[in-house]
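Notes follow once the structure below has been shown.
The values are calculated or read from the model by the stated rules, or taken from the named source; none is laboratory data. As the structure is a prediction and not an experimental result, all values here were calculated from the model. As a convention, Cβ positions derive from the backbone with ideal geometry for all residues, glycine included, and neighbour counts pool all protein chains shown. Ligands, DNA and RNA are stripped out before the accessible areas are found, and what is left, the full protein with its side chains, is counted by its heavy atoms. Shrake-Rupley method; radii C 1.70, N 1.55, O 1.52, S 1.80 Å.
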Amino acid sequence: FFIIGQSAFGQTCYVTVNPEDTLICPGEAVEITAIANLIPSGQSFNFNGGVLPLGWSAVGGNTFSIPCAPSLTGDPYYWASTASVGTYPGITTAAFDVSCGGAIVFDMLYAVQSSNIPCEGPDLADEGVELQYSITGSDPWTSIVYYSPGGYELPTNPNTTTQVATTAGTPYTTWNTFTVPIPIGAMTTNTAFRWTQEQNSGTCCDNWG
């Protein structure tokens, strides 16, 4: 077997690899694949109880149920249903120790443009959701990825009002699981993440969860 050590950010990880084939001839190639799916204790969450997890916060109109399309598991989910002037709908995690890196894994859905309230979707280029991180627990927040209502990713919100979504829907108007690597700058012992929608058309529209 192999013992592989790797040091990163002052921490050492050891991986034990047990080969399926123990007979390797000189000159043969050896492929080693490592897959880690270890979720640290206290860093996996859902909204099945109809409330925010401990230490999380949300702004705007927030629903924890099944107001629109059923989730991938059929359980309740967070839904950003309304907004008021100066209030950006969004949800923020507690601060976590992610100094070893990893990924943020979450399910997300945009409502379809021109559907009935509270399931009316974002359509303008600046009405999407941006995933951000903070190492202070508040401002400044740094963008990780912006999910355009057009159904594609951008580095940040383009802050333009071009219509990019239609009533036919986009890749984001069905539930999907997203896996986002944690950026190096976010790898600290006190990092919070948030999903924020910095523009929308008011309390009627541009819903997501």
**OP:** Considering every residue within the range 121-128, establish whether at least one is at negative phi, touching a Cys at 6+ places or on another chain (Cβ under 8 Å) and among the hydrophobic types (A, V, I, L, M, F, W, C).
**Re:** no
Subject >> Where a residue in the range 29-43 is surrounded by 10 or more Cβ atoms within 10 Å (Cβ to Cβ) and its partner, wherever it lies, is at pLDDT 75 or above, with Cβ under 6 Å and at least six apart >> reply: 43/96
Subject >> Number of the exception - residue 70 against (1) part of a loop (DSSP other than H, G, I, E, B); (2) closer than 15 Å to residue 200 by Cα; (3) at pLDDT 95 or above >> reply: (2)
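Determine whether residue 150 is in a loop (DSSP other than H, G, I, E, B) and in contact (Cβ under 8 Å) with a residue 12 or more places away in the chain. Give the steps one after another, and end with the answer.
On the way: in a loop (DSSP other than H, G, I, E, B): yes; in contact (Cβ under 8 Å) with a residue 12 or more places away in the chain: yes.
Criteria met by residue 150.
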Original post:
For the range 105-136, which residues satisfy the criterion of being outside any loop (DSSP other than H, G, I, E, B) and over 27 Å from residue 45 (Cα atoms)?
Top reply: 124
Subject >> Residue ID - farthest from the chain's Cα centre (by Cα), chosen from residues in the range 73-98 that are assigned to a loop (DSSP other than H, G, I, E, B), surrounded by 17 or more Cβ atoms within 10 Å (Cβ to Cβ) and β-branched (Val, Ile, Thr) >> reply: 98
Original post:
What are the residue pairs meeting all of these: first residue in the range 180-209, first residue more than 25 Å from residue 87 (Cα to Cα) and in a loop (DSSP other than H, G, I, E, B), second residue open to solvent by 30 Å² or more (accessible area, probe 1.4 Å) and among the polar types (S, T, N, Q), Cβ atoms under 9 Å, and 6 or more apart or on different chains?
Top reply: 183/142; 190/136
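Could you grab me the full set of residues in the range 134-176 that are within 19 Å of residue 98 (Cβ to Cβ), open to solvent by 30 Å² or more (accessible area, probe 1.4 Å) and either touching a strand residue (DSSP E or B) at 6+ places or on another chain (Cβ under 6 Å) or of a type in the set (Gly, Ala, Ser) (or both)? Give the derivation first.
Looking only at the range 134-176, we keep the residues that are within 19 Å of residue 98 (Cβ to Cβ), and these are 134-138, 140-145.
Restricting the remaining residues to those that are open to solvent by 30 Å² or more (accessible area, probe 1.4 Å) gives 135-138, 140-144.
Result: 135, 137, 138, 141, 142, 143, 144.
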Subject >> Hits in the range 99-133 - residues which are out of contact with any Leu (no Cβ under 9 Å at 6 or more places or on another chain), open to solvent by 10 Å² or more (accessible area, probe 1.4 Å) and β-branched (Val, Ile, Thr) >> reply: 105, 112, 117
**OP:** Answer yes or no: is there a residue in the range 54-66 that is in contact (Cβ under 8 Å) with a residue 24 or more places away in the chain, out of contact with any Phe, Trp or Tyr (no Cβ under 6 Å at 6 or more places or on another chain), part of a loop (DSSP other than H, G, I, E, B) and at positive phi.
**Re:** yes
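Can you tell me which residue among 128, 121, 90 is touching a residue at least 12 places away in the same chain (Cβ under 8 Å) and within 16 Å of residue 58 (Cα to Cα)? Don't jump to the end; show me each part of the working.
On the way: 128 fails: within 16 Å of residue 58 (Cα to Cα); 121 fails: within 16 Å of residue 58 (Cα to Cα).
After applying the criteria, what remains is 90.
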